[in-house]
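Visitor: The structure under discussion is supplied below as structure tokens; questions concerning it will follow.
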Amino acid sequence: MSITDRAPQALDLLDDAGRKLLFTEARTANAFTATAVTDDELASIWKLARWSPSAANGQPLRALFVRTNEGKERLVRHLDEGNKAKTLQAPAVAVLAYDVDFHEQMPTVFPARGEMLRTAFADQKEKRETIASYNSALQTGVFLLAVRAAGLAAGPMAGFDRAGVDEEFFAGTSWRSHLVVNIGHPGADPWFPRLPRVPVEDAVAWA
């Protein structure tokens with residue numbers, strides 16, 4: 001029986017092992033082994049990540065998977081100094097971007113109102129930029145969970161020259177980079193010390 005066949009109260013709970021894998025014991029990796037990340041693994045990550053929620057199902061997130069040494073050399077020239085070595089070491093890197101022209105896909109992703117939404121957004125580039133930026137960030141959180149679900153470690157980094165990356169990889173397109181994510185199996189001494197979380201009483205309110 002699929003999840004769509006069940007009543008809402010019948011939704012499954014993620015077990016302890018799943019919670020540890022995705023949340024409580026998951027870490028940002030800063031070192032990786034040489035074990036390859038296959039195209040099939042990267043494809044499986046995207047096939048999970050694409051189920052993220054987004055406004056009007058617009059799905060503005062896009063991913064460029066960089067796997068070759070040549071591709072990584074092109075990428076690292078635009079990274080902050082502290083991010084270069086670990087990116088060269090990572091077997092795969094995702095450059096996550098948002099598509100400013102996501103509205104062109106609306107007839108596909110929202111058939112009931114797609115043509116109306118595409119027309120409404122056509123002359124509102126600034127509004128599309130805001131919507132795409134926010135919703136791709138939402139989708140990126142799910143992308144990181146998808147990497148973990150694939151049994152891999154993620155190392156997200158915002159320290160890079162976005163304009164340089166866009167010119168290097170996305171020139172002439174409507175894609176705009178917003179995060180670089182190293183992907184692979186954790187190597188030697190991959191984790192920084194675990195840092196505290198904001199206390200619940202300071203982060204959660206009730207009404």
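The values are calculated or read from the model by the stated rules, or taken from the named source; none is laboratory data. Just so it is clear, the structure is predicted and the values come from calculations on it, not from any experiment. Because the Cβ atoms are built from the backbone with ideal geometry, glycine has one as well, and the counts that use them run over all protein chains shown. Side chains are part of the model used for accessible areas, which takes the heavy atoms of the whole protein and leaves out ligands, DNA and RNA. Shrake-Rupley method; radii C 1.70, N 1.55, O 1.52, S 1.80 Å.
Visitor: What are the ³J(HN,Hα) couplings of the range 140-151, residue after residue, when phi is run through the Karplus curve with 6.51, -1.76, 1.60 and θ = phi - 60°? Round to Hz, x for glycine and proline.
Guide: Computed from phi, the couplings for the range 140-151 are 5, x, 5, 4, 5, 5, 5, 4, 5, 5, 7, x Hz.
Visitor: Convex hull over the Cα atoms of the chain, averaged projected area in nm²?
Guide: On the way: hull surface 61.0 nm².
About 15.3 nm², averaged over all directions.
Visitor: So what is Rg over Rh here for the range 40-86, counting just Cα atoms and using Kirkwood for Rh?
Guide: Numbers: Rg = 14.4 Å, Rh = 13.1 Å.
Rg divided by Rh gives 1.10.
Visitor: With a probe of 1.4 Å, find how much accessible area the chain has per residue, and write the answer as a whole number in Å².
Guide: Working: 12250 Å² over 207 residues.
Value for the chain: 59 Å² per residue.
Visitor: Give the whole-number value, in cubic angstrom per residue, of the convex hull volume spanned by the C-alpha atoms of the range 89-207.
Guide: Values: hull volume 23.1 nm³, N = 119.
About 194 Å³ per residue, rounded to a whole number.
Visitor: Once the piece of chain linking ALA43 and VAL200 is laid out straight, how much longer is it, given 0.36 nm per residue of separation minus the C-alpha distance between them?
Guide: Numbers: separation 157, 0.36 × 157 = 56.52 nm, distance 3.62 nm.
Stretched out fully, the ALA43 to VAL200 stretch lengthens by 52.9 nm.
Visitor: Compute the FRET efficiency between ALA112 and ALA137 as 1/(1 + (r/R0)^6), taking r as their Cβ-Cβ distance and R0 = 25 Å, and round to the nearest 0.05.
Guide: Plugging the Cβ-Cβ distance into 1/(1 + (r/R0)^6) gives 0.45.
Visitor: Any idea what the relative contact order of the range 48-194 is, in percent, if you count C-alpha pairs under 8 Å spaced at least 6 apart?
Guide: Relative CO of the range 48-194 lands at 34 percent.
Visitor: On to the next question. Name the GluC sites (Glu not before Pro) in the range 2-89 that are in a loop by DSSP and that have at most 13 other C-beta atoms within 10 Å, would you? Let's see the in-between values first.
Guide: Details: sites: GLU25, GLU41, GLU70, GLU73, GLU81; in loops: GLU25.
Passing both the DSSP loop test and the Cβ count: GLU25.
Visitor: Could you check how much of the accessible area of the chain is carbon and sulfur, as a whole percent, using a 1.4 Å probe?
Guide: Working: 6830 of 12250 Å².
That share works out to 56 percent.
Visitor: Continuing with the same structure: I'd like the accessible area for PHE170: 1.4 Å probe, protein heavy atoms, all chains in place, Å² to the nearest 10.
Guide: For PHE170, the solvent-accessible surface is approximately 10 Å².
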